[in-house]
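J.: Take this structure, written in structure tokens, and hold onto it; I'll ask about it next.
The values are calculated or read from the model by the stated rules, or taken from the named source; none is laboratory data. Treat the numbers as computed from the prediction; the structure is a model and nothing was measured. Reconstructed Cβ throughout: ideal geometry from the backbone, glycine too, with neighbour counts over all protein chains shown. The area values use the complete protein model at the heavy-atom level, side chains included, leaving out ligands, DNA and RNA. Shrake-Rupley method; radii C 1.70, N 1.55, O 1.52, S 1.80 Å.
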Amino acid sequence: MKGRVAIIGGGFGGLAAAWELTRHGVTPIVLEADDAVGGLAGSFHVNGERLERFYHHWFTSDTHVAELARELGTEDRIVYRSTRTGLYFANKVFRLSSPLDVLRFTPLSPVARVRLGMLALRARAVKNWRALEKLTAREWLVQLGGREVFDVVWRPLLEGKFGPYAGEVSAVWFWNKLKLRGGSRSKGGGESLAYYRGGFATLAEQLATAIRDAGGEVRTREPVRKLLVGDDGRVLGVRTDRESIPADAVLATTALPIVADLVQPHAPAEYVKRLHRIPYLANLCIVLELDRSLSNTYWLNVNDPGFPFVGIIEHTNFEPASTYAGRHIVYLSKYLPADSALYAMRDDALLEFCIPHLQRMFPRFDRSWIRAHHVWRAEYAQPVVVRQYSALVPSTTTPLDGLFLCSMAQVYPEDRGTNYAVREGRRVGGTIARALATRARAMPREVSASQ
Ligand SMILES: Cc1cc2nc3c(=O)[nH]c(=O)nc-3n(C[C@H](O)[C@H](O)[C@H](O)COP(=O)(O)OP(=O)(O)OC[C@H]3O[C@@H](n4cnc5c(N)ncnc54)[C@H](O)[C@@H]3O)c2cc1C
């Protein structure tokens, strides 16, 4: 093997980097703080089956994960299914899965419906995203679709998802969402999304097994506490609670504020400050196990400011309830600052808080339908992509020789997602392997020059 690389984080980014390193003959050692791999796409069990803590699907354009599954010989686990998208507005659920649904969307005037349809097409036709970097999503959406469409359709979604940052979100972020969601279609024009049978965590575990089989290591419950840095400023490894792990290079795949804490004793203050420049939102997901279905919609955007969640995702309208022995799975999702009171609320109190809202939205719903509930929180769930974001994104290389970065916040102009975590992880894995090879070639010359 040609060197050893310590990887901080066993999410899809860290695992993909490790896999790529093994392809180059380099030994990776993945160190994951949690008790399982998968990161934000990790899972828990419902009736013996893995289920994502936070709802997950792929778009038809997510080719990097599909390619990875092909390499592992597991692509037959990927299933493509048509899904139903809806929008809750003024006490009613409207279907919004196809162009015809847009024309039937009565909360908008007929002219505005046409403008909404045109907006989706015009957004997907944008090729030069750099031209959008100076605009906020609001400015761009009003330009494209007019104020009525913005106020009814987009403003509540932006405010629901980004809260205090809604006015700062970049047009590039929104363009990318419209492009992905609008482009993930079956031949008939309806939305088509993909799932991995057994859950995304199964793919993460299969990847971890393949890394081990190829000579790498993947350890869980092993948070990295410190970087080991030599007097010459070169990173020599990492320190965990158990031991010091020497490495020829270190790759950090965690959220940037966590990287900032690790590099703080060693890197210039300006760099540490830079890592704090991108704000993050946390996510709170309440997962309900119901004994029956709530609605026939998979993805329901909530455009009602009185409802505290931005989305209701009925997962079992995508992956059948039979997978979970008949349990119907519903996620209530909320993005919020990690210091907000709702984020800190106790799990049972959160459930009580949700029930009246669900009853208002789905008058037939009764609390006796709930067989179990789970609450999941992620502090660094969504980097806020603001205007001119490209100027904020840190590079893969860092001021510390031998330390590399591959974090969700660096995915741009696309937004975070397992597909891009895999793409970027593999890219950085290749970069590190080449850097180690270059260093190895230079070494004999360095030695002979000093003799
Ligand atoms: C609500 C929600 C819904 C989503 N929906 C989708 C979806 O539908 N489709 C999709 O593809 N993507 C979705 N995503 C995004 C996707 O989950 C992420 O983009 C992807 O998992 C990021 O992978 P990563 O490896 O870059 O980061 P992470 O998954 O965050 O992995 C980083 C890892 O580092 C570990 N770590 C942190 N500190 C340390 C330390 N000191 N030492 C060791 N380990 C440490 C963490 O435990 C974590 O496992 C969603 C995310 C959220 C929050």
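J.: Quick check on my filter: what residues within region 303-317 are open to solvent by less than 10 Å² (accessible area, probe 1.4 Å) and under 20 Å from the mean Cα position of the chain (by Cα)?
T.: Phe309, Gly311, Ile312, Ile313, Glu314, His315, listed by residue number.
J.: Looking at Gly167, Gly199, Gly183, Gly230, which is the one that is more than 22 Å from Ala41 (Cβ to Cβ) and in contact (Cβ under 8 Å) with a residue 12 or more places away in the chain?
T.: Unique residue meeting the criteria: Gly167.
J.: Which residue, of Arg95, Arg104, Arg53, is within 30 Å of Arg360 (Cα to Cα), of a type outside the set (Gly, Ala, Ser), in contact with a helix residue (DSSP H, G or I) (Cβ under 9 Å, 6 or more places away or on another chain) and without any contact (Cβ under 8 Å) to a residue 12 or more places away in the chain?
T.: One residue alone meets the criteria, Arg104.
J.: Among the listed residues Asp101, Asp76, identify the single one that is open to solvent by 40 Å² or more (accessible area, probe 1.4 Å) and not aromatic (Phe, Trp, Tyr).
T.: Asp76
J.: In region 328-352, which residues are more than 17 Å from Phe54 (Cα to Cα) and over 24 Å from the mean Cα position of the chain (by Cα)?
T.: Of everything in region 328-352, those that are more than 17 Å from Phe54 (Cα to Cα) and over 24 Å from the mean Cα position of the chain (by Cα) turn out to be Arg346, Asp348, Ala349, Glu352.
Condition check ((1) more than 21 Å from Gly11 (Cβ to Cβ); (2) within 11 Å of the ligand (Cβ to nearest atom)) across all residues:
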{"position": "Thr240", "(1), (2)": "no, yes"}
{"position": "Ala252", "(1), (2)": "no, yes"}
{"position": "Ala260", "(1), (2)": "no, no"}
{"position": "Pro265", "(1), (2)": "yes, no"}
{"position": "Arg274", "(1), (2)": "yes, no"}
{"position": "Arg277", "(1), (2)": "yes, no"}
{"position": "Tyr280", "(1), (2)": "no, yes"}
{"position": "Leu284", "(1), (2)": "no, yes"}
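J.: Sticking with this one: Out of all the residues in region 204-246, which are of a type in the set (Asp, Glu), open to solvent by 30 Å² or more (accessible area, probe 1.4 Å) and in contact with a strand residue (DSSP E or B) (Cβ under 6 Å, 6 or more places away or on another chain)?
T.: Selection gives Glu217 alone.
J.: Considering only region 32-50, state which residues are open to solvent by 50 Å² or more (accessible area, probe 1.4 Å), in contact (Cβ under 8 Å) with a residue 24 or more places away in the chain, more than 30 Å from Lys226 (Cβ to Cβ) and not polar (S, T, N, Q).
T.: Those that are open to solvent by 50 Å² or more (accessible area, probe 1.4 Å), in contact (Cβ under 8 Å) with a residue 24 or more places away in the chain, more than 30 Å from Lys226 (Cβ to Cβ) and not polar (S, T, N, Q): Gly48, Glu49, Arg50.
Yes/no per residue for (1) part of a loop (DSSP other than H, G, I, E, B); (2) of a type in the set (A, V, I, L, M, F, W, C):
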{"site": "Pro107", "(1), (2)": "yes, no"}
{"site": "Ala112", "(1), (2)": "no, yes"}
{"site": "Leu121", "(1), (2)": "no, yes"}
{"site": "Arg124", "(1), (2)": "no, no"}
{"site": "Lys134", "(1), (2)": "yes, no"}
{"site": "Leu144", "(1), (2)": "no, yes"}
{"site": "Arg147", "(1), (2)": "no, no"}
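J.: To continue, here is another question. Can you list the strands (runs of 3 or more DSSP E) found entirely within region 37-86 that contain at least 2 residues being under 27 Å from Pro223 (Cα atoms) and either away from the ligand (no atom under 12 Å from the Cβ) or among the acidic types (Asp, Glu) (or both)?
T.: Qualifying strands (runs of 3 or more DSSP E): 43-46, 49-52.
J.: Within region 310-333, does at least one residue satisfy the condition of being at pLDDT below 95 and either assigned to a loop (DSSP other than H, G, I, E, B) or in contact with an Asp or Glu (Cβ under 7 Å, 6 or more places away or on another chain) (or both)?
T.: yes
J.: Across region 395-413, what is the total count of residues that are in a loop (DSSP other than H, G, I, E, B) and more than 12 Å from the chain's Cα centre (by Cα)?
T.: Qualifying residue count, region 395-413: 9.
J.: If Ile258 passes every condition in (1) open to solvent by 40 Å² or more (accessible area, probe 1.4 Å); (2) more than 28 Å from the chain's Cα centre (by Cα); (3) among the hydrophobic types (A, V, I, L, M, F, W, C) but one, which one does it miss?
T.: Among (1) open to solvent by 40 Å² or more (accessible area, probe 1.4 Å); (2) more than 28 Å from the chain's Cα centre (by Cα); (3) among the hydrophobic types (A, V, I, L, M, F, W, C), the lone unmet condition for Ile258 is (2).
J.: Further question: Within region 414-423, restricting attention to residues that are open to solvent by 30 Å² or more (accessible area, probe 1.4 Å) and either away from the ligand (no atom under 14 Å from the Cβ) or at negative phi (or both), which residue is farthest from the chain's Cα centre (by Cα)?
T.: Within region 414-423, the match that is farthest from the chain's Cα centre (by Cα) is Arg423.
J.: Related question: Kindly indicate the residue of region 366-392 that is part of a helix (DSSP H, G or I) and surrounded by fewer than 19 Cβ atoms within 10 Å (Cβ to Cβ) and also farthest from the ligand (Cβ to nearest atom) among those meeting that condition.
T.: Out of the qualifying residues, it is Ser368.
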